[in-house]
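The values are calculated or read from the model by the stated rules, or taken from the named source; none is laboratory data. These figures come from a predicted structure and were not determined experimentally. We place every Cβ from the backbone using ideal geometry, glycine too, and count neighbours over all the protein chains shown.
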């Protein structure tokens with residue numbers, strides 16, 4: 001049963017809190033991947049996420065936060081996590097350490113990323129963690145099985161259509177040929193659909209897939225940092241608004257970076273897409289997007305949507 005069987009026009013507002021880990025940057029020898037940096041974790045939890053929480057509070061909306069467990073447990077992050085939970089937001093897993101090569105890890109390491117991230121985040125927040133999004137949208141059949149075994153209810157890593165998988169393959173090949181090493185890794189989801197669906201059922205448990213949105217015909221991902229203006233958002237949203245029963249608005253923590261302040265600016269290829277606008281302009285654009293979604297759709301957390309979806313299966 002697909003999400004069309006639910007009352008239509010839901011929206012999720014989700015944020016991937018990567019703290020810049022795994023983002024690519026160019027340097028004189030080629031491309032490289034940012035590693036774990038305490039400075040970036042501090043910036044995310046002390047500067048960028050509070051701005052996001054302020055915006056959500058202003059709009060009276062609740063979000064799903066995909067947190068990297070090893071980053072979330074860093075000393076000093078407690079007040080932000082307490083504020084997040086007190087405001088009714090959902091905490092979900094973005095893995096233990098944000099290994100971009102998650103699909104290619106040995107089974108024991110892959111299992112640890114999924115199992116331990118859940119436990120750590122639950123201990124930190126006192127909230128059941130039932131959702132997962134792979135780093136770099138990494139997802140395959142083994143990850144689906146591990147999620148079910150560890151009590152997750154949903155995944156939100158699948159980017160439907162041919163464009164994203166082919167980009168990852170071509171980018172991987174290009175990096176290997178030109179730079180001698182690859183920092184983009186392929187994935188192979190067991191099923192791919194544009195509407196929410198049950199991706200796996202085993203031992204009486206079901207795993208719901210909440211795919212990211214892509215545009216029709218040319219399946220370009222509908223991800224916030226490609227909206228360089230409210231006009232571009234209106235254009236892309238206009239192509240989806242009547243086709244998509246569930247709109248997944250996906251942000252990243254760096255979108256709330258003040259790029260005009262040297263102590264905050266952290267360069268990467270992704271940040272380049274937002275660095276051309278000052279922070280007040282970007283906040284105003286997100287305010288417009290949130291207002292639009294709240295006016296036209298019921299905004300819920302991912303867990304709330306999945307619970308509604310699963311209830312409908314038993315009607």
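Worth a mention:
- Annotation note: of 181, 117, the sole residue that is touching a helix residue (DSSP H, G or I) at 6+ places or on another chain (Cβ under 7 Å), surrounded by fewer than 20 Cβ atoms within 10 Å (Cβ to Cβ), without any contact (Cβ under 8 Å) to a residue 60 or more places away in the chain and closer than 21 Å to residue 34 by Cα is 181.
- Residues in segment 240-258 that are out of contact with any helix residue (DSSP H, G or I) (no Cβ under 7 Å at 6 or more places or on another chain) and crowded, with 17+ Cβ neighbours inside 10 Å were compared, and the one that is farthest from residue 156 (Cα to Cα) is 244.
- Test result for residue 106, surrounded by fewer than 15 Cβ atoms within 10 Å (Cβ to Cβ), out of contact with any helix residue (DSSP H, G or I) (no Cβ under 6 Å at 6 or more places or on another chain), modelled with pLDDT of 95 or more and closer than 26 Å to residue 24 by Cα: yes
- All conditions in (1) surrounded by 13 or more Cβ atoms within 10 Å (Cβ to Cβ); (2) at pLDDT 95 or above; (3) over 28 Å from residue 287 (Cα atoms) hold for residue 31, with the sole exception of (2).
- Filtered residue count, segment 291-315, keeping only those that are surrounded by 15 or more Cβ atoms within 10 Å (Cβ to Cβ) and farther than 29 Å from residue 207 by Cβ: 1
- Scope segment 1-28; condition modelled with pLDDT of 80 or more, surrounded by fewer than 20 Cβ atoms within 10 Å (Cβ to Cβ) and in a loop (DSSP other than H, G, I, E, B); matching residues: 9
- The set of residues from segment 41-69 being part of a helix (DSSP H, G or I), buried (at least 23 other Cβ atoms within 10 Å of the Cβ) and out of contact with any helix residue (DSSP H, G or I) (no Cβ under 8 Å at 6 or more places or on another chain) comprises just one member, 43.
- Test result for residue 207, within 26 Å of residue 108 (Cα to Cα) and at pLDDT 95 or above: yes
- Of all residues in segment 63-80, exactly one satisfies the criterion of being under 30 Å from residue 295 (Cβ atoms) and out of contact with any strand residue (DSSP E or B) (no Cβ under 7 Å at 6 or more places or on another chain), namely 80.
- Qualifying positions in segment 77-112 - under 20 Å from the mean Cα position of the chain (by Cα) and in a loop (DSSP other than H, G, I, E, B): 77, 87, 88, 89, 94, 95, 96, 97, 98, 99, 100, 101
Yes/no matrix, rows are residues, columns are (1) more than 24 Å from residue 275 (Cβ to Cβ); (2) touching a residue at least 24 places away in the same chain (Cβ under 8 Å); (3) under 20 Å from the mean Cα position of the chain (by Cα):
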site	(1), (2), (3)
161	yes, yes, yes
170	yes, no, no
195	yes, yes, yes
219	yes, yes, yes
235	no, no, no
240	yes, yes, yes
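- Matching residues, segment 113-149, being in contact with a strand residue (DSSP E or B) (Cβ under 8 Å, 6 or more places away or on another chain) and outside any helix (DSSP H, G or I): 127, 129, 130, 131, 132, 133, 134, 139, 140
- Among (1) surrounded by 23 or more Cβ atoms within 10 Å (Cβ to Cβ); (2) out of contact with any strand residue (DSSP E or B) (no Cβ under 8 Å at 6 or more places or on another chain) - the single one residue 158 does not satisfy: (2)
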